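I have placed the structure first, in the form of structure tokens, so that the comments after it can refer back to it.
The values are calculated or read from the model by the stated rules, or taken from the named source; none is laboratory data. Remember, it's a predicted structure, so these values are computed and weren't measured experimentally. Don't worry about glycine lacking a Cβ; one is built from the backbone with ideal geometry, like all the others, and counts go over all protein chains shown.
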Amino acid sequence: MRSSLTTRVVLVYLGLRAISWVLLVLASKDQGVMPDWTGPTVEPIDMTVLWDGSWYRQVALHGYPIPLPLDPTSGHVAQNAWAFYPLFPLVSRMLMSVTGLGFPAVGSTLSLVCGLGAAVVMAGLLAERLGQRAALATVAVWAAFPAAVSLQLAFTESMAMLLLCGALWALARRAWLPAAGLALLLGLTRPIAAPLAVVVAVALLLRWRGRHRNPIGRPELVSGAAALAATCLAGTAATAQAAATAPSITVGQATTGHVGQGFAGFSYEKDRVGAGMFDAADTDLVRLWRDFLDAPRGFLRAL
């Protein structure tokens, strides 16, 4: 039964990723050339390293800047790679060295595989409590929501979800030391380890309340304390990372009031953010999603 569920989860997850890849290919036709992110022409693989992906590529290729760069105008710390966590680019760099492939191929594949692993672990964890049907439906909803395209970009969402699901799986089995290790890795991936410390604390409290029926030995007591300490330590990584960057952001109005037809993305350009920079009516990626959701005929027309 478990192998049947795993097979269905794999098929559902990869099927949804195939659909989002088609959308990425279509979006690449509307994406303008951006020297810092794409090559002289925009290929579908370039869509996997836009936005955060370009920062992770920078970390994978060049590491973190030392000393911190300063904005020449304000003198404050400028936006830099220290705002992005190290585990994903580190693993990507290792895989690049082994395979000889570039970051876009390695980063997007790593994200895809981690997302697949997260889907399998998530389904197994939920099936034990809710049944296989509910587990499969939950995975499908998670893998299909609009932002799920990030699960195949060179972003950290997939890796973080895999580590989070693995940590919850370990906690459900009172495997405190594996949970501690996964929590530490999660703290090096995304700033979501702090809430996990609360989950660990609750799990330990429930275990303590049941000690009369199932006594707690010294090894378990020590490993449980280690798990709580590890998750608290991992949670501090977000605070330290934010304190290290503290960029200065200038808020202002875009000169034209919209981003134009050649921009398939959201309103964020280096250190300048303006409310008028994002005009949904003029953004082709948004139009593509609108046509897709409005009617199948509109989506076919976009093709």
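Which members of region 122-140 meet the condition of being small (Gly, Ala, Ser) and either part of a helix (DSSP H, G or I) or in contact with a His (Cβ under 8 Å, 6 or more places away or on another chain) (or both)? Let's see the steps before the verdict.
To start, the set of residues in region 122-140 that are small (Gly, Ala, Ser) comprises 123-124, 127, 131, 134-135, 137, 140.
Passing the criteria: Ala123, Gly124, Ala127, Ala134, Ala135, Ala137, Ala140.
Could you list, in sequence order, all residues of region 59-71 that are in a helix (DSSP H, G or I) and either buried (at least 19 other Cβ atoms within 10 Å of the Cβ) or touching a residue at least 60 places away in the same chain (Cβ under 8 Å) (or both)?
Within region 59-71, Val59, Ala60 qualify.
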Query raised in the report: Looking only at residues in region 37-57 that are outside any loop (DSSP other than H, G, I, E, B) and free of Cβ contacts under 8 Å to residues at least 24 places away in the same chain, which one is farthest from the chain's Cα centre (by Cα)?
Result: Pro44
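I'd like to check something: does region 85-108 contain any residue that is in a loop (DSSP other than H, G, I, E, B), among the charged types (D, E, K, R) and surrounded by fewer than 21 Cβ atoms within 10 Å (Cβ to Cβ)?
Of region 85-108, the ones in a loop (DSSP other than H, G, I, E, B) are 85-86, 100-102.
Subset that is among the charged types (D, E, K, R): none.
No, that holds for no residue.
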**Report entry** Restricting region 43-69 to residues that are at pLDDT 85 or above and out of contact with any Phe, Trp or Tyr (no Cβ under 8 Å at 6 or more places or on another chain), the residue that is nearest to Val22 (Cα to Cα)
**Finding:** Gln58
Query - Count of residues meeting criterion [touching a helix residue (DSSP H, G or I) at 6+ places or on another chain (Cβ under 8 Å) and under 11 Å from Ala81 (Cβ atoms)] in region 40-61 - result: 7
Query - Which numbered condition Ala148 misses (of (1) in contact with a Phe, Trp or Tyr (Cβ under 8 Å, 6 or more places away or on another chain); (2) closer than 15 Å to Val59 by Cβ) - result: (2)
